[in-house]
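Below you'll find the structure, written out as structure tokens, and then a few comments.
The values are calculated or read from the model by the stated rules, or taken from the named source; none is laboratory data. Small disclaimer: the values here were computed from a predicted structure and weren't measured. Backbone-built Cβ (ideal geometry, glycine too); neighbour counts: all protein chains shown.
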Amino acid sequence: MKSLRAVAGYRKLRREPVWELLAAHNGPVIAGVLKTLLSDGGRTLAASILHERVTVELESLRADGEDLPQTAQAYVSEWLRSGWLTRSLPRGASQEVFELTPAAADAIRFLDSSLAPRKAATESRLATVITQLTRLAEETDPNPESRVRSLLQERERIDREIEAVRSGARTVLPQDRALERTRETIELSLALTEDFRRVRDEFDKLNRGLRQSLMENEGSRGDVLEALFAGVDVIGQSEAGKTFAAFWNLLTDREQSGSLSEALDVVTSRPFARRLEPGERKFLLNLTARLLDEGSGVHDVLQNFARSLKTFVQSREFREQRRLHQLLKQAGQAPSRRRKPFARTCPLATSWRSRAAGCDRWPSGCSTIQVNAPSIRPWCTPKTRS
């Protein structure tokens, strides 16, 4: 029974973009190009720049023996349809911009981790687990007395550390362990940026879903607007909305952001940081800006959410689309009628052509031909003889 559930879940996942990229015939080529251009080389690229750079990469790969018969534009379109790229038109931009989808980023990160697998349980990961569990236990403790005891113990620990520093007994973290912790931080930060890209995509889906629900709302304009603003509240109170609000408040807090920037400057200036890969070092140097960029993207979605929907509801386009939706809905709900054959009241009218032209031999009392066809005039009166 458990295996059936697991198989069903994996079978469903196999149709998702993550699995399809990993299983694609040219998966290594696709993942390598996307990583080089949109993961290592920058988060977003304008359409013209992306096409140009993909062309350069394709020419290099063909020279190395890869069979890549399509153009850069064709491959980009294919990757877009497959769910590995997403595009948008930023406000004020003259052309679309492309970026990796969370699914493609997950696949590339999985491949990178498989190339350099973790050989053993690291001290930094264990320390992170212990720290988080200890903090969780303290912050969820409703007993004020035990909380005070914990704080006093923490104060004693800090006092002992101060004395150790003053006496010169405190040791500096070895470079190997410092490098290990730095790379753990980079890995966690990469996952964090992808998490908030997912939040933005989720808000986009909720935006489209709310527009669809507005189409199906049978109430008046005021009822629709009421549903709109209720929907905004629901999104703001959703798990994704609360998570993003906490992240954004922390990131934009002047004290916290200042501490983050200062810590990054100090870490990247340490001797062990020279042993980082160039990409790792660049990521750390740009971490604050990248987090702000990712957060700003989600923040802009939320800020423009109600404004764009309200404009849409008040537009002529909304009225036209809503009317069209109602007509289609009525047509779909209409009961199907079995079409009856033509009812011929004239026994001599044996063909439609003779009926349309009129019959020359009408029996007495036969003056019309009834036609039960919705697209044809229901009654036909024969020609009168002069």
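Brief remarks follow.
- Pairs with Cβ under 8 Å, 6+ apart, first in region 180-193 and closer than 17 Å to ALA273 by Cα and without any contact (Cβ under 8 Å) to a residue 60 or more places away in the chain, second in a helix (DSSP H, G or I) and among the polar types (S, T, N, Q): GLU180/SER124; ARG181/SER124
- Subset of region 131-175 (residues that are within 38 Å of the chain's Cα centre (by Cα), surrounded by 10 or more Cβ atoms within 10 Å (Cβ to Cβ) and among the acidic types (Asp, Glu)): GLU138, ASP141
- Filter pass, ALA23 being modelled with pLDDT of 90 or more and either of a type in the set (Phe, Trp, Tyr) or farther than 19 Å from PHE110 by Cβ (or both): no
- Looking only at region 32-66, and only at residues there that are touching a strand residue (DSSP E or B) at 6+ places or on another chain (Cβ under 9 Å) and hydroxyl-bearing (Ser, Thr, Tyr), the one that is surrounded by the fewest Cβ atoms within 10 Å (Cβ to Cβ): THR44
- Cβ-Cβ under 8 Å pairs, at least 6 apart or on other chains, region 133-154 side without any contact (Cβ under 8 Å) to a residue 12 or more places away in the chain, far side part of a helix (DSSP H, G or I): ASP141/ARG147; ASP141/SER150; ARG147/GLU138
- Subset tally (residues that are touching a Ser or Thr at 6+ places or on another chain (Cβ under 9 Å) and surrounded by 16 or more Cβ atoms within 10 Å (Cβ to Cβ)) for region 67-95: 5
- The lone exception for ARG125 - which of (1) at pLDDT below 85; (2) of a type in the set (Lys, Arg); (3) within 14 Å of LEU34 (Cβ to Cβ) it fails: (3)
- Condition check for ASP106 on (1) closer than 25 Å to LEU179 by Cα; (2) touching a Leu at 6+ places or on another chain (Cβ under 7 Å); (3) charged (D, E, K, R): one failure, at (2).
- Looking across region 45-93, the residues that are touching a residue at least 12 places away in the same chain (Cβ under 8 Å) and among the charged types (D, E, K, R) come down to GLU52, ARG53, GLU57, GLU66, ARG87.
- Hits in region 20-53 - residues which are at positive phi and either in the same structural domain as ARG197 (by TED's automatic domain parsing) or in contact with a Gly (Cβ under 7 Å, 6 or more places away or on another chain) (or both): none
- The set of residues in region 55-88 that are under 22 Å from the mean Cα position of the chain (by Cα) and of a type in the set (Val, Ile, Thr) comprises VAL76, THR86.
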